[in-house]
Amino acid sequence: MQTQPARTPAEYTGPIYVVGHKNPDTDTVTSAIGYAWLLHERDKLDVQAARAGQLNPQTTFALRAFDVELPPVLSDASPRFSSVARAIEPLTPDQPLQEAWALAANTGRVAPIVDSDHKPIGLVTGASVFHFLTLQAADQLGASPDALGQIPFGRVLATPCGDAAERDVPGFEASARIRDVLPRILRDERDTFWVVDDDGRYAGVCWKSDLLHPPRMRLILIDHNEMSQAISGLDEAELLEVLDHHRLANPPTHMPIAFHVDPVGSCSTLVAERAMRSGLMMPQPIAGALLSGLLSDTLVLKSPTTTDRDRVAAVQLAAWAFAGQDDPYKAMLDYGWQLLQAGAGLESRSSASIVSGDYKEYDAVGLRFGIAQVEVTDLQEIGARLDELRSALCQREKDRGLHFAALMITDIVGGTSRLLTCPEAHY
């Protein structure tokens with residue numbers, strides 16, 4: 001029988017994920033999409049855009065408008081059992097022990113045995129074979145010291161391997177986080193464990209040594225640099241780069257990384273600038289997505305945070321995104337108004353979703369606070385809902401253990417904002 005050696009988990013290197021902050025807004029999603037495209041096209045890297053939560057109506061509108069594929073959700077970077085699973089080709093329990101012996105010798109440790117439904121039965125190991133031989137000697141020849149030597153070796157090798165397998169080996173789902181069960185595993189005397197899928201079918205085996213140093217997911221953070229806004233498990237990932245346009249509150253890193261923070265109105269602007277410098281021709285869907293992020297964060301270039309760099313980037317992105325239009329700049333302005341309207345309005349949204357939608361948490365001057373933002377076409381919309389919005393803010397403040405929470409309500413027509421807070425701040 002020919003067997004293939006089990007590949008070690010260190011050989012499995014997934015894509016680099018470009019991911020924005022939790023409670024994603026349009027800019028954080030589109031800049032991730034644009035930067036992933038740029039790194040793939042310019043640097044030939046295996047890069048995947050991701051999002052750290054559900055899309056809001058405005059972002060959904062933007063991606064549909066330019067037929068852009070929805071990025072997958074990535075909410076946790078903690079290593080999973082799938083990252084350490086060794087997919088050793090399993091045997092069935094009726095196959096001879098000789099084949100299990102050869103497989104265990106080839107893998108250096110075990111031969112997995114599964115049933116007809118591909119569910120784990122047991123592991124053939126050196127210890128399990130020795131235990132099996134000891135029982136055979138005791139049952140057939142008594143407990144004399146010479147008993148083992150009198151068992152015909154050929155007959156032993158012809159025994160169904162399921163008879164010599166160690167049963168009751170713990171199994172863990174491939175999607176489970178290693179850190180959640182690592183203390184339990186370290187207390188176990190075993191060295192090998194099952195990895196199974198959601199239906200309990202065999203996905204591989206893992207070794208205790210693999211679990212101590214699992215492969216780290218490679219990440220690029222975009223449109224944020226604060227731990228409180230980043231996906232869970234960031235400390236267990238390999239952070240490669242940060243690209244942002246906000247204040248500095250970055251996490252510590254084990255190694256030097258590329259860190260770029262520029263005072264512009266949109267992170268999509270920073271991606272567009274890098275694309276323009278690369279000399280690449282950006283496809284319409286990617287340009288349209290980045291333009292959407294830029295227009296959203298700058299309120300169609302009317303926000304006080306808008307810079308000349310944003311305006312230059314917007315012109316170039318509009319030329320790519322509306323290449324078939326007679327006047328790409330006018331098309332951009334018309335589209336920008338539609339984009340803002342798609343994300344404005346409170347009528348169909350619950351108060352809880354409003355105060356948690358475009359939401360970020362901060363730590364500063366000894367305080368931990370959260371700020372959410374929502375856009376409306378008329379500040380009069382909030383009049384009838386002030387009490388319930390304040391109540392939702394107070395509940396979020398309590399649930400998150402904040403010193404205070406606030407909701408910024410921006411009138412996209414009048415260009416003004418109103419700040420709503422919980423009546424009793426805890427500081």
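The values are calculated or read from the model by the stated rules, or taken from the named source; none is laboratory data. Predicted model, so just to flag it, every value in this text is computed and none were measured. Every residue, glycine among them, receives a Cβ derived from its backbone with ideal geometry; neighbour counts consider all protein chains shown. SASA here: full protein model, heavy atoms, side chains in, ligands and nucleic acids out. Shrake-Rupley method; radii C 1.70, N 1.55, O 1.52, S 1.80 Å.
Surface analysis of the chain yields an accessible area of 48 Å² per residue, using protein heavy atoms and a 1.4 Å probe. Only Cα pairs within less than 10 Å get springs; with that Gaussian network setup on the chain, which residue of GLN395, GLN136, GLN341 has the largest fluctuation? The residue with the greatest mean-square fluctuation here is GLN136. Of all aspartates and glutamates in the structure, the ones whose alpha carbon falls short of 14 Å from that of LYS119, not counting any fewer than 8 places away in one chain, are GLU89, ASP168, GLU173, ASP197, ASP198, ASP199. Projecting label points 7 angstrom from Cα along Cα→Cβ for LEU186 and ILE257 puts them 2.5 nm apart. Under a model in which nothing but the beta-carbon of Lys, Arg (+1) and Asp, Glu (-1) is charged, region 235-387 shows a dipole of about 260 debye around its Cα centre. Using the alpha-carbon atoms, what tilt in degrees (0 to 90, nearest 10) does helix 308-321 show relative to the longest principal axis of the chain? Between helix and principal axis, roughly 70 degrees.
About the centre of its Cα atoms, the chain shows a dipole size close to 520 debye [charges on the beta carbon of Lys, Arg (+1) and Asp, Glu (-1) only; nearest 20 debye].
Identify all aspartates and glutamates with a Cα-Cα distance to LYS44 below 18 Å; exclude those on the same chain that are fewer than 8 residues away in sequence. Correct list for LYS44: GLU241. Taking label positions 7 Å along the Cα-Cβ direction at both ALA102 and LEU248, the computed distance is 6.2 nm, reported to one decimal. Descending by average beta-carbon neighbour count within 10 Å, the peptides 412-418, 84-90, 319-325, 292-298 line up as 292-298, 84-90, 319-325, 412-418, the highest first.
Close amide-amide hydrogen proximity is noted between GLU166 and LEU123, VAL124, THR125, each under 5 Å apart and 5 or more residues distant or on a separate chain (H modeled in the peptide plane; Pro and chain starts excluded).
Couplings 3J(HN,Hα) for region 112-119, derived from phi with the Karplus relation 6.51 cos²θ - 1.76 cosθ + 1.60 (θ = phi - 60°), are x, 10, 10, 8, 5, 8, 6, 9 Hz, where x marks Gly and Pro. DSSP bridge analysis restricted to the chain gives an antiparallel fraction near 45%, rounded to the nearest 5.
In the chain, Cα pairs under 8 Å separated by at least six residues give a relative contact order of 16 percent. Distances between placed amide hydrogens fall under 5 Å for THR307 paired with GLY265, all partners being 5 or more residues away or on another chain.
Given the alternatives [x] 0.94; [y] 1.15; [z] 1.05, Rg/Rh (Cα atoms, Kirkwood Rh) as computed for this entry is given by [y]. Overall, region 334-374 carries a charge dipole of about 120 debye about its Cα centre when +1 sits on the Cβ of Lys and Arg and -1 on the Cβ of Asp and Glu, all other atoms neutral. The mean sequence separation of alpha-carbon pairs under 8 Å and at least six residues apart, normalised by the residue count of region 40-99, gives a relative contact order of 32 percent. Taking label positions 7 Å along the Cα-Cβ direction at both SER232 and TRP337, the computed distance is 4.4 nm, reported to one decimal. Net length available on complete extension from ARG385 to ASP43 is 118.1 nm, with 0.36 nm assigned per residue and the Cα-Cα distance removed.
The phi-based Karplus calculation (6.51 cos²θ - 1.76 cosθ + 1.60; θ = phi - 60°) puts the 3J(HN,Hα) values of region 166-176 at 7, 9, 6, 7, x, x, 9, 5, 4, 7, 6 Hz, whole numbers, x for Gly and Pro. When only alpha carbons are used to place a centre, region 22-69 and region 226-252 end up 18 Å from one another.
Straight-line reach from LYS330: taking Cα to Cα under 19 Å and skipping same-chain neighbours fewer than 8 places apart, the lysines in range are LYS302. Think of it this way: in the chain, CYS161, CYS206, CYS267 stand alone, with no other Cys Cβ under 4.7 Å. Amide H contacts for LEU91 (H built 1.01 Å from N in the peptide plane; partners 5 or more residues away or on another chain; cut-off under 5 Å): ILE113, VAL114.
Only bridges whose two residues both fall in region 332-427 count here: according to DSSP, what percent of them are antiparallel, nearest 5?
Numbers: 13 of 22 bridges.
Counting DSSP beta bridges with both partners in region 332-427, the antiparallel share is about 60 percent.
How much net charge surrounds SER31 when only other residues with a Cβ under 12 Å from its Cβ are counted (Lys, Arg +1; Asp, Glu -1)?
Details: positive: ARG51, ARG274; negative: ASP25, ASP27, ASP223, ASP244, GLU273, ASP297.
So the environment of SER31 carries a net charge of -4.
Surface composition of the chain: carbon and sulfur atoms hold 51% of the protein heavy-atom accessible area at a 1.4 Å probe.
For region 369-379, backbone phi angles converted through the Karplus equation (6.51, -1.76, 1.60; θ = phi - 60°) give residue-by-residue couplings of 9, x, 10, 10, 9, 9, 10, 9, 8, 7, 5 Hz, Gly and Pro being listed as x.
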